[in-house]
Amino acid sequence: MISIWVFPMADHRDERLQVMLSPQELSALDDFRFKHRMPTRAAAVRELLKLGLTVHGTSNGGGMKSSDYGVFSRGPDGHTEGGSGSDPEAAG
């Protein structure tokens, strides 16, 4: 069963969230933003967050490290597209 999360439109936002992205992650964000005609990167991030919570809910993460949650896997040469780090369920 799929649960759908509905977030009310906020008249104001009280919290600021700073996120560091690799060049590849930023490019993927911008591609999503332009494909869906979003006005800002912040709007694209909020939409992706909403979509992710709708699909995956709020699981406890199963003891994963923060580096396991990247869009691109991280090897000795930095971030690379794909790989086991980008989809933890595919590895097991």
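Where a number appears in this text, it was derived from the coordinates with a stated rule and is not lab data. Everything numeric here is computed off the predicted structure, so don't read it as measured data. Don't worry about glycine lacking a Cβ; one is built from the backbone with ideal geometry, like all the others, and counts go over all protein chains shown.
Structure values in brief
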quantity	calculated
Summed residue charge, Cβ within 14 Å of ARG37's Cβ, Lys/Arg positive, Asp/Glu negative	0
Least to most buried among LEU49, LEU17 (fewest other Cβ within 10 Å first)	LEU17, LEU49
Segment 18-24 - phi-based ³J(HN,Hα) in whole Hz, Karplus 6.51/-1.76/1.60, Gly and Pro as x	9, 10, 9, 10, 6, x, 5
